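> Sharing a structure here in structure tokens format.
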Amino acid sequence: MNAIDKNYQRATTIGRFRPVDAAAQLAPVLAQRASQLDRDGLFSLENIEDLHRYGLLSLAVPSDFGGADASFAEIIDVIGLIASGDPSTALVLLMQTLHHRSILVNNTWPQAVREEVFGKAITEGALINALRVEPEQGSPVRGGRPATVAVRERDGWRISGRKLYSTGSPGLTWGIVWASTETSDGRIGEFLVPLKADGVRIEPTWDHLGLRASGSHDVILENVFIPAEYAVDLRTPEEWARQDIGLNAWLPVMLSALYDGVARSARDWLLPWINRRKPSNLGTSLAEVPRFRYAVGEIEAWLQINAQLLGAAKRELSGAPAKPETSQALSLNPSLVKYSVTQNAIAVVERALSLIGNHGLTRNNPLERHYRDVLCSRVHQPQNDLILEGAGRIALERAVPASSI
């Protein structure tokens with residue numbers, strides 16, 4: 001019996017692990033697999049099955065449906081722990097949790113469809129993610145209509161298009177597809193598509209610098225039929241532009257936790273290495289060298305700042321499970337949390353690499369993988385240029401007019 005089976009057997013004997021305890025048990029197991037999965041660029045169904053067995057694929061599902069009903073603070077801690085083991089798996093879990101939350105707070109979803117998605121997550125470990133990015137449009141965050149088209153039929157819709165960067169695609173049960181319609185008011189919609197439906201295929205295009213095991217391949221939809229009730233949210237472009245739900249605040253903090261987990265994993269590898277390393281010309285451990293102590297102190301400072309920022313965000317966003325927090329009501333800017341935490345996380349791994357030199361850039365060294373993974377923080381929405389432009393605009397709008405100074 002392997003470690004995961006022993007832990008699971010213990011959990012079912014004494015009662016289900018709390019989510020954070022489950023993540024703490026799983027992280028070392030995932031870490032043992034992470035290097036080979038990264039090298040091969042393989043999505044791990046085994047990791048997903050482990051998440052399911054510990055109840056982590058229903059973190060944001062209410063207890064009324066049988067889910068974990070975890071608080072935002074618990075979710076952040078779980079993501080950070082899983083990311084310290086395997087950030088690719090943590091990204092899949094992050095998206096699962098984010099979209100379950102979206103389904104919960106978005107009143108446009110039919111109740112029967114909501115129950116179907118939640119129920120399959122709990123009983124089968126069914127994964128869900130949004131499929132939004134396209135070759136021509138790029139990320140919808142920067143505007144434009146999707147080229148993917150949904151055409152109305154008497155009993156449902158037909159959907160055709162290509163979606164890029166579809167994280168978790170080899171294991172997804174559901175895709176929330178962003179598509180244009182041919183209605184007179186030009187509505188854009190979210191359509192729930194079963195990825196086993198006729199006309200759906202996955203093209204294995206993901207060959208990335210980092211998060212190589214995330215299965216973020218292209219999903220192609222060719223005249224895919226879905227029933228009418230799976231058109232879960234249809235709005236005009238103007239209505240989408242005005243939308244402001246708590247998920248706009250959740251996502252940057254969740255991503256912050258993921259990349260902070262990567263940085264902490266790098267730090268946890270580095271410190272024992274420094275203690276053990278005794279160059280022949282030195283005659284003692286590198287831990288006795290002032291510049292190494294100084295650099296480790298810098299790393300600890302960056303991680304302490306991250307812990308403070310994530311702690312503040314957890315307190316700010318830990319509202320009632322069904323409360324759709326709005327970004328305007330927050331006293332801290334979640335996007336700036338992402339900017340600061342991820343910049344610090346990158347600095348941690350870069351400083352670790354600078355200390356150990358060539359050792360750190362070999363493929364069999366964990367720091368090489370951690371560095372590639374942590375750099376992916378820059379391409380996740382919201383991206384740094386949008387974060388800083390937005391924060392700068394808000395600060396200038398709040399400033400006292402120059403004429404009054």
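> For residue 350 and residue 49, compute 0.36 nm times the residue count separating them, minus their Cα-Cα distance, and round to one decimal in nm.
So the extension gain works out to 105.1 nm.
> Please give the per residue accessible area of the chain, computed with a probe of 1.4 Å over protein heavy atoms only, in Å².
45
> Using the alpha-carbon atoms, what tilt in degrees (0 to 90, nearest 10) does helix 247-276 show relative to the longest principal axis of the chain?
For 247-276 against the chain, the angle is about 20 degrees.
> Work from the charge dipole of the chain (Cβ charges, +1 for Lys and Arg, -1 for Asp and Glu, about the Cα centre) and give the residue of 188, 107, 371 farthest towards its positive end.
So the residue we want is 371.
> Return the FRET efficiency for the residue pair residue 73, residue 400: r is the Cβ-Cβ distance, R0 is 41 Å, and the value is rounded to the nearest 0.05.
0.65
> Considering all projection directions equally, how large on average is the shadow of the alpha-carbon convex hull of the chain, in square nanometres?
Hull-based average projected area comes out at 24.3 nm².
> In degrees, nearest 10, range 0 to 90: what is the angle between the Cα axis of helix 111-124 and the longest Cα principal axis of the chain?
Between helix and principal axis, roughly 40 degrees.
> Sort the following peptides by mean Cβ neighbour count (other Cβ atoms within 10 Å, averaged over residues), highest first: 226-234, 43-51.
Order by mean packing, descending: 43-51, 226-234.
> While we're on this one: Work out the FRET efficiency for residue 105 and residue 185 from their Cβ-Cβ distance, taking R0 = 30 Å, and round it to the nearest 0.05.
0.75
> Taking only C-alpha pairs under 8 Å that are 6+ residues apart, what is the relative contact order of region 112-265 in percent?
Relative contact order here is 22 percent.
> Counting each DSSP H run of 4 or more residues in the chain as -39500 (n - 2.57), what helix-only mean residue ellipticity at 222 nm follows after dividing by all residues, to the nearest 500 deg cm²/dmol?
The per-residue figure over the chain is -16500 deg cm²/dmol.
> Turning to a different aspect of this structure: If the cut-off is 16 Å between C-alpha atoms, which aspartates and glutamates fall inside it for residue 278, apart from same-chain ones fewer than 8 positions away?
Straight-distance partners of residue 278: 288.
> Of 391, 27, 147, which is the most mobile in a GNM of the chain whose springs link Cα atoms less than 10 angstrom apart?
For the chain, modelled as a Gaussian network with Cα springs under 10 Å, the answer is 391.
> What residue among 89, 167, 183 shows peak mean-square fluctuation when the chain is described by a Gaussian network model with Cα springs under 10 Å?
183
> In debye to the nearest 20, how big a dipole does region 58-144 give about its Cα centre with +1 on each Lys and Arg Cβ and -1 on each Asp and Glu Cβ?
Using only the charged Cβ atoms, the result is roughly 220 debye.
> I would also like to ask the following. Going down the table (120/314; 163/314; 120/163), which pairs top 30 Å between alpha carbons?
With Cα atoms farther than 30 Å apart: 163/314.
> Computing the accessible area with a 1.4 Å probe over protein heavy atoms, can you report the carbon and sulfur percentage for the chain?
Carbon and sulfur: 51 percent of the exposed surface of the chain.
> Using the per-residue mean of other Cβ atoms lying within 10 Å as a proxy for protection, in what order, highest first, do the peptides 370-376, 394-400, 196-202 fall?
370-376, 196-202, 394-400
> Quick one: which of 18-25, 253-260 comes out on top by average Cβ neighbours within 10 Å, and what's the full order, highest first?
Going from most to least packed, we get 253-260, 18-25.
> Can you compute the FRET efficiency between residue 201 and residue 291 using 1/(1 + (r/R0)^6), with r the Cβ-Cβ distance and R0 = 56 Å? Round to the nearest 0.05.
Calculated value: 0.55.
> Counting Lys and Arg as +1 and Asp and Glu as -1, each charge on the Cβ, what is the dipole of the chain about the Cα centre in debye, to the nearest 20?
Computed about the Cα centre, the dipole is about 1080 debye.
> About the Cα centre, and with charges only on the beta carbon of Lys, Arg (+1) and Asp, Glu (-1), how big is the dipole of region 117-251? Nearest 20 debye, please.
Using only the charged Cβ atoms, the result is roughly 160 debye.
> A follow-up question, please. Of 155, 69, 218, which has the largest mean-square fluctuation in a 10 Å C-alpha GNM of the chain?
155
> Using a cut-off of 16 Å between alpha-carbon atoms, which aspartates and glutamates can reach residue 338, once sequence neighbours fewer than 8 places away in the same chain are excluded?
77, 260, 316, 373, 385, 389
> How high is the relative contact order of the chain, given as a whole-number percent (alpha carbon pairs under 8 Å, six or more residues apart)?
RCO, the chain: 16 percent.
The values are calculated or read from the model by the stated rules, or taken from the named source; none is laboratory data. Please read all numbers here as calculations on a predicted model, not as lab measurements. Please note: Cβ atoms are built from the backbone with ideal geometry, for glycine as well, and neighbour counts cover all protein chains shown. The area values use the complete protein model at the heavy-atom level, side chains included, leaving out ligands, DNA and RNA. Shrake-Rupley method; radii C 1.70, N 1.55, O 1.52, S 1.80 Å.
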